[in-house]
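Chemist: Dumping the structure here so I can ask a few things about it.
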Amino acid sequence: MSAFAALSGSSGDQALWYLTRGTGVTALLLLSAVTVLGILDVRRVATARYPRFLIDAAHQRLAALALVFLVIHIATVVLDPFVAISWLDVVVPFVGSYRPVWLGLGALALDLLLAVMVSSLLRARVGYRAWRAIHWLAYASWPVAVAHTLGIGTDASTGWLLIVTAICVVAVLTAVAVRVATRLQGRARKPVGVIRDDA
Amino acid sequence: MTLDAAELPRLLAGLAAGAKPLDLDAHRAIFGDTLPITRRTLSRAREQLIAEIGRAGLTGKGGGSFPTARKLRAVADRGGTPAVVVTATEGEPLSRKDRLLATRAPHLVLDGALTVAAALGARRIVLAHDRLHLGVGGRLRAAAASRPELAVRGAPDLTVQAVPDGYLSGQETALVAALNGRRAVPAFTPPYPFERGLGRVPTFVSNIETYAQIALIARYGAAWYRAVGTEQAPGSRLVTVGGAVASPGVVEVPGGVRAAEVLVAAGGLSEPVAALLLGGYGGTWTRVDPAALELDEVRLRATGLTLGPGLVFALPASACPVAEVAAVVRFMAGESAGQCGPCRFGLEAIAGALQDLCADDPRGDEPQQIRRWATMVSGRGACAHPDGVARFAASALTVFAGEVADHARYGRCERCDQPSVLLPSRPSSASSLVDAAGTDAIALGGQ
Amino acid sequence: MPAARPEGGRASGRARKPARLVLDPTVCDAHGLCAELAPELITLDDWGYPIVDGRPVEGELLEHARRAVAACPVMALRLRTP
């Protein structure tokens, strides 16, 4: 723990705090990219040079990378002596004493993300239906993460954080618009005369 | 009280043209009583039944022609408490035999279902019909209500249920799904219904005519069954004859009968005929001389043909074959469950190409495209629907090569816009209440 | 190009068990990743749906087949050992 001992003291605290904010923002950017890819579906993004299996792999690996940044983000905030946040507060939402609502949203986003990731790793065991149901939680975890970002930080009012968050939100909303507006060939209108189940 | 061997009618015995449906007493007078199967004799009865059905060589009459004994064996070997399903939906618009049996000879069908249920130790019997033919359900229910076997303690639970309409209403897995309360669409197999079907138990599913045949074999034996028909196509079967014949309707014919005799039984041709359609909308076209064409499923399949659920349709020479084929394929594309891409998009593509051949300015390559797509969709769905349409279209391209080539070059002909003879107007459910066949049933004498 | 697996040993035992690719057409939605990852075994039809070679998968192709099965977004593809 000598590195942290070296970091203690006002300049060390500053370093931890910068690390927390930096990794947090990076995690949000990465998760937004993952969400955009998920909404658009590989079939809208892929090109000849960047085939579908590659986009699919990118979706998964960006999520893993986001998790790495999240782990650092969480570790720095727990180990930071300046704020009283425990390991429990990180995974159980809304029990902390430091800004319980905004921190709780972060914990909630983390929980949802972990559920999505674990179910994906165990997809063959869990089965497609269950996996898909859990994966929809991803659509909940992203806005929760955005809310956490805007509410928790001391530089929430700082311009640059607002701009970065706005970029993330616009990107995701644009992806939603594209998804709703365009139909993939495989999702074309069902032919008339599907076995009618009228009573 | 046995039916004479080597004589027809068998299934249609007692059904003189216009006669009332057979009630239980009349049924017994013609066919006799069934032998009771008790708990003690259960396993022996099962083995005896399966052996007898196997010796008889009975195959399914719903279109698939699967060996019935093999299916019984598969369900019996699964153990547990199986269920029995009788398919009386008749989704193929050209076919009328199933509703004829259901409404005019329901007790023969019930004999078969009860025999199978007793032999397999099934606790549940379901007779399924589609909503378009509510009269079928009513008649079956009334007949079941008069059966003493169902009134005793320990009798299996028998219900008559309606399932959604459609060409695929009788598809085995779609039907079981509907009876299980799910969406009535075909399921990817395995598991097959004989493994996991109604209520997740091993289920014997078969066509209503097959059960009637089982009832006869159980009573009179395999040798009696084989006294009519040929070595490869033993017994008799019901065939719906339609198109350019004087008396369209359902006939009972011996296996291996020649198409010419079937047409004669239906009153003979009423006008010059271009070709025969065997097997219905999912069947095959042929210009083979009817006098030489033996309706033996094994032989037919060897030449790429099929009788399907017993269907012979004579296309009048006055019709435009390309327009008729286009109309049927358009209908069949609409009947797709829409689950599997190749069926959903492939049938649509074939229908579009056929329509182009009957339009003003065809590209000219439609026949090649249709053949290509027919190969492309076959075998790639969860059920055999695309396969049926593929062989219907491909056989038409072969049989009507000349007309197709003309259409590819010049587009529509003067007969293209005539009302279709293959696609009748939708029958109302009221008409199915009184006489489901709509016409007289005729039986053909044996050889 | 990966080298051919050596004879014998547990790894090659797993690799050489015969298996066939099976597609559930009712859930397949033409994502097309399978055809990218195992083009020797899977091609796409005119509408983007996979045409799967149902013959036993052998040797090196088995690894590609496994990757294709894992990549399918709707788990429509399976490797079935008879």
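Chemist: Which values of log₁₀ I(q)/I(0), to two decimal places, follow from the Debye formula for the protein assembly as shown at q = 0.06, 0.08, 0.09 Å⁻¹ with a uniform point scatterer at every Cα?
Modeler: The Debye formula, applied to the Cα set alone, gives -0.49, -0.77, -0.90.
Chemist: Using bins 10 angstrom wide from zero, how does P(r) for the range B:321-410 break down, in % of all Cα pairs?
Modeler: Binned Cα distances yield the sequence 20, 55, 23, 3.
Chemist: Grab the other residues whose beta carbon is less than 12 angstrom from that of A:I55, score K and R as +1, D and E as -1, and report the net.
Modeler: That sum, taken over residues with Cβ under 12 Å, equals +2.
Chemist: Then there is this: Would you mind giving the mean number of other chain beta-carbons within 10 Å of the Cβ of each residue in B:337-349, as a whole number?
Modeler: 6
Chemist: Quick one: which residues, 5 or more positions from B:A275 or on another chain, have an amide H under 5 Å from its amide H? H modelled 1.01 Å from N in the peptide plane, none for Pro or chain starts.
Modeler: Amide H neighbours of B:A275: B:L315.
Chemist: For the range B:248-253, in order, what is each residue's ³J(HN,Hα) by Karplus, 6.51 cos²θ - 1.76 cosθ + 1.60 with θ = phi - 60°, in whole Hz (x at glycine and Pro)?
Modeler: So the Karplus estimates, Gly and Pro as x, are x, x, 9, 10, 9, 10 Hz.
Chemist: Would you tell me the mean number of C-beta atoms belonging to other protein chains that fall within 10 Å of each C-beta in B:155-167, as a whole number?
Modeler: Mean shielding count: 2.
Chemist: Using per-residue counts of other Cβ atoms within 10 Å, averaged over each peptide, order B:267-279, B:120-132 from highest down.
Modeler: Descending mean neighbour count gives B:120-132, B:267-279.
Chemist: Moving on. Quick one, what does Rg over Rh come out to for the range B:267-351 if you take C-alpha atoms and the Kirkwood Rh?
Modeler: Using Cα coordinates only, the ratio equals 1.02.
Chemist: I've got another one for you. Using unit Cβ charges (K, R positive; D, E negative) and no other charged atoms, how large, in debye to the nearest 20, is the dipole of the range B:169-319 about its Cα centre?
Modeler: That gives a dipole near 540 debye.
Chemist: For the range C:40-53, in order, what is each residue's ³J(HN,Hα) by Karplus, 6.51 cos²θ - 1.76 cosθ + 1.60 with θ = phi - 60°, in whole Hz (x at glycine and Pro)?
Modeler: So the J values, rounded to whole Hz, are 6, 10, 9, 10, 9, 7, 4, 10, x, 8, x, 9, 9, 6.
Chemist: While we're on this one: Tell me, what is a quarter of the convex hull surface for the C-alpha atoms of the range B:190-301, in nm² with one decimal?
Modeler: Orientation-averaged projected area of the Cα hull: 9.1 nm².
Chemist: Let me ask something additional. Taking amide H atoms as placed 1.01 Å from N in the peptide plane, list the residues 5 or more away in sequence, or in a different chain, whose amide H sits under 5 Å from that of C:A19.
Modeler: C:V57
Chemist: More than 25 Å apart: what percent of Cα pairs in the range A:2-184 qualify?
Modeler: That tail contains 39 percent of the Cα-Cα pairs.
Chemist: Continuing with this model, one more query. Which whole-number percentage describes the relative contact order of the range B:236-316, with Cα contacts under 8 Å and a sequence gap of 6 or more?
Modeler: 38
Chemist: Here's another thing I want to ask about it. Using the Karplus curve 6.51 cos²θ - 1.76 cosθ + 1.60 with θ = phi - 60°, work out ³J(HN,Hα) for each residue of the range B:315-322 in order, rounded to whole Hz, and write x for Gly and Pro.
Modeler: Rounded to whole hertz, the list is 7, x, 5, 6, 7, 8, x, 5.
Chemist: Taking the Cα centre of the range A:2-184 as origin and charging only Cβ (+1 Lys, Arg; -1 Asp, Glu), how large is the dipole, in debye to the nearest 20?
Modeler: Using Cβ point charges on Lys, Arg, Asp and Glu, the range A:2-184 gives about 1040 debye.
Chemist: What is the dipole size for the protein assembly as shown, taken about its Cα centre, with +1 at each Lys and Arg Cβ and -1 at each Asp and Glu Cβ, in debye to the nearest 20?
Modeler: My answer is approximately 1900 debye.
Chemist: Reported to two decimal places, what Rg/Rh ratio describes chain B when computed on Cα atoms with Rh from the Kirkwood expression?
Modeler: Value, to two decimals: 0.97.
Chemist: Between the DSSP loop rule and a limit of at most 16 other Cβ atoms within 10 Å, which trypsin sites (Lys or Arg not before Pro) in the range A:17-51 are left?
Modeler: Filter output for the range A:17-51: A:R49.
Chemist: Still on this structure, please answer the following. Write down the Kirkwood hydrodynamic radius of the range B:76-173, to one decimal in angstroms, obtained as one divided by the mean of 1/r over all alpha carbon pairs.
Modeler: 13.9
Chemist: If I fit a long axis through the Cα atoms of helix B:42-56 and take the longest principal axis of the Cα atoms of chain B, what angle between them do I get, 0 to 90°, rounded to 10?
Modeler: The helix B:42-56 is inclined about 40 degrees to chain B.
Chemist: Could you work out, residue by residue across C:29-37, how many beta carbons of other chains sit within 10 Å of that residue's beta carbon, and then give the average as an integer?
Modeler: If you average over the peptide's residues, the count of other-chain Cβ atoms is 6.
Chemist: Here's something else I'd like to know. Once Lys and Arg get +1 and Asp and Glu get -1 on their Cβ, which of B:A394, A:A58, B:G32 lies farthest toward the positive end of the dipole of the protein assembly as shown?
Modeler: A:A58
Chemist: Give the cross-link partners of B:K20 among the aspartates and glutamates, using a straight C-alpha distance below 15 Å as the criterion and excluding same-chain residues fewer than 8 apart.
Modeler: Within the straight-line limit of under 15 Å, B:K20 reaches these aspartates and glutamates: B:D435, B:D440.
Chemist: Straight-line reach from B:K71: which aspartates and glutamates have a Cα under 15 Å away, not including same-chain ones fewer than 8 places off?
Modeler: Cross-link targets: B:E47, B:E52, B:E172, B:E195.
Chemist: Mind jotting down the distance between the C-alpha centroids of the range A:120-184 and the range B:239-283, whole Å?
Modeler: What the calculation gives is 64 Å, centre to centre.
Chemist: Run a plain Debye calculation on the range B:236-316 (Cα atoms as equal point scatterers, no solvent) and give log10 I(q)/I(0) at q = 0.12, 0.19, 0.20, 0.25 Å⁻¹, rounded to two decimals, same order as the q list.
Modeler: -0.26, -0.69, -0.77, -1.29
Chemist: I would also like to ask the following. Quick query: amide H of B:V257 versus all other amide H atoms, modeled in the peptide plane; which residues come in under 5 Å with a sequence gap of 5 or more or a different chain?
Modeler: Sorted by chain and number, the residues that satisfy this are B:L295.
Chemist: Still on this model: Could you calculate the contour length gain from B:T159 to B:R183, that is, 0.36 nm times the residue separation minus the distance between their Cα atoms, to one decimal place in nm?
Modeler: Net length gain for the segment: 6.7 nm.
Chemist: So, counting K/R as plus one and D/E as minus one, what does the shell of residues with Cβ under 13 Å around B:A51 add up to?
Modeler: Summing Lys and Arg as +1 and Asp and Glu as -1 gives +3.
A short reminder: the numbers here are calculations on the coordinates, not readings from a lab. From a predicted model like this one, the values you see are computed outputs, not experimental measurements. Don't worry about glycine lacking a Cβ; one is built from the backbone with ideal geometry, like all the others, and counts go over all protein chains shown.
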